[in-house]
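Throughout, read-outs are computed from the coordinates displayed, never taken from laboratory work. Note that the structure is predicted; figures quoted are calculated from it, not measured. Virtual Cβ from ideal backbone geometry, glycine too; neighbours counted across all protein chains shown.
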Amino acid sequence: MTAQNRQQLAACVRLLHMEGLLTYNGHVSMRVPGADALLIHSLVDSRAEVAPDRLLTVDFDGKVLDGPADCRPPSEYPIHAEIYRARADVGAVAHIHSEHAIAFTLVEGITLRAMRCDGLNWAAGVPVHPDPTRIRCAAQGAALAATLGNGDAALMRAHGAVLAAASIIEVFKTCVQFEENARAQLLATQLGKLAPLTTAEIAALRESHPDAFRAHYARKIWRYYVTQGHSAGIIPESWLEALL
Ligand SMILES: [Zn+2]
């Protein structure tokens, strides 16, 4: 993987930590193009300080192909491996323990829906994977990938969420918007009867957000957070050229 790929992945992890979407747990990976392998950070390295030279290349069976000798991949790497195996369109995966979104796995009869104009992918509701245990093996990872289906988000009961996208910049955007959407639904619930976006409203919003705009928007969100992270001392100056 290129130095730019490595800086992108490290920056994504640091920025998701800055936003509270990753804590001491959770992980992000990037597919290694043309191979059954992925780039991921170490199980033990702080998400606040993930460094490009501390990343691991791991095959889909969990074998470490490259990386520092004192690093090992997160135990839940099958989340990533099995989604890449099932979805050729996915280039980046994030597993977060999103505080607001998890709440939607802990109640009966309430589904996380599209509440904001940038939550359109969740119009039909976000699926909840029923297995509350850590994803430790390929069979569990494959079951989670099946719950995700062709979507970009799935909740994991009493645990967290998994987000999938074509690139690191896209998956970062999805994580941020997923949490914003969950927070919006929780807040609206406090006020009264929920009125999620209707089918007609969603169609109109899709019409007004062409693909080219969506790609531009992901980059805009990424640049905003990279700049914020740089100002906060989280993103080194030397990474900016590759990130922006
Ligand atoms: Zn987890």
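What is the local net charge at Trp239, summed over the other residues whose Cβ is closer than 15 Å to its Cβ (Lys, Arg +1; Asp, Glu -1)?
Working: positive: Arg6, Arg14, Arg54, Arg223; negative: Glu49, Asp53, Glu237, Glu241.
Taking every other residue near Trp239 into account, the sum is 0.
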Ala188 versus Gln228, label points 7 Å from Cα toward the beta carbon: distance in nm? 2.2 nm
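Express the relative contact order of the stretch 1-91 as a whole percentage, based on alpha carbon pairs under 8 Å and six or more residues apart in sequence.
On the way: 143 pairs, mean separation 22.5, N = 91.
Computed over the stretch 1-91, the figure is 25 percent.
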Report the Cα centroid-to-centroid distance between the stretch 19-51 and the stretch 127-178 in angstrom, as an integer. 14 Å
Between Glu207, Glu49, Glu170, where does the largest GNM mean-square fluctuation fall for the chain, given springs only between Cα atoms within less than 10 Å? Glu207
Using Cα pairs closer than 8 Å and at least 6 residues apart in sequence, work out the relative contact order for the chain, in percent. 20 percent
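Return an integer: the convex hull volume of the alpha-carbon atoms of the stretch 124-244, in Å³ per residue.
Details: hull volume 20.3 nm³, N = 121.
Enclosed volume per residue, from the Cα hull, is 168 Å³.
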Label-to-label distance, nm, for residues given as Ala124 and Glu180 (7 Å Cα→Cβ offset): 2.4 nm
How much of the calculated P(r) for the stretch 81-183 lies past 18 Å, in percent of all Cα pairs? 41 percent
Please provide three numbers in whole Å: the alpha-carbon extents of the chain along the principal axes, with the largest listed first. 54, 40, 31
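Taking the Cα centre of the stretch 33-78 as origin, work out the dipole magnitude from +1 charges on Lys and Arg Cβ and -1 charges on Asp and Glu Cβ, in debye rounded to 20.
On the way: 4 positive and 9 negative charges, 15 e Å.
Around 80 debye, computed over the stretch 33-78.
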Which of Ser75, Ser208, Ser29 ends up with the largest GNM mean-square fluctuation for the chain, with Cα atoms connected below 10 Å? Ser208
Can you compute the FRET efficiency between Ala204 and Thr147 using 1/(1 + (r/R0)^6), with r the Cβ-Cβ distance and R0 = 35 Å? Round to the nearest 0.05. 0.75
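What's the extension gain from Arg116 to Glu99 if we count 0.36 nm per residue and subtract their Cα-Cα distance?
On the way: separation 17, 0.36 × 17 = 6.12 nm, distance 1.83 nm.
So the chain would gain 4.3 nm between Arg116 and Glu99.
Work out how much length Asp131 to Arg157 would gain on full extension: take 0.36 nm times their residue separation and subtract the Cα-Cα distance, in nm to one decimal.
Values: separation 26, 0.36 × 26 = 9.36 nm, distance 0.64 nm.
In short, 8.7 nm is gained.
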The stretch 17-112: C-alpha gyration tensor shape, a/c 1.5 cut-off, then a/b vs b/c: oblate
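What is the dipole size for the chain, taken about its Cα centre, with +1 at each Lys and Arg Cβ and -1 at each Asp and Glu Cβ, in debye to the nearest 20? Before the final figure, lay out each step's value.
Values: 22 positive and 25 negative charges, 64 e Å.
The calculated dipole for the chain is roughly 300 debye.
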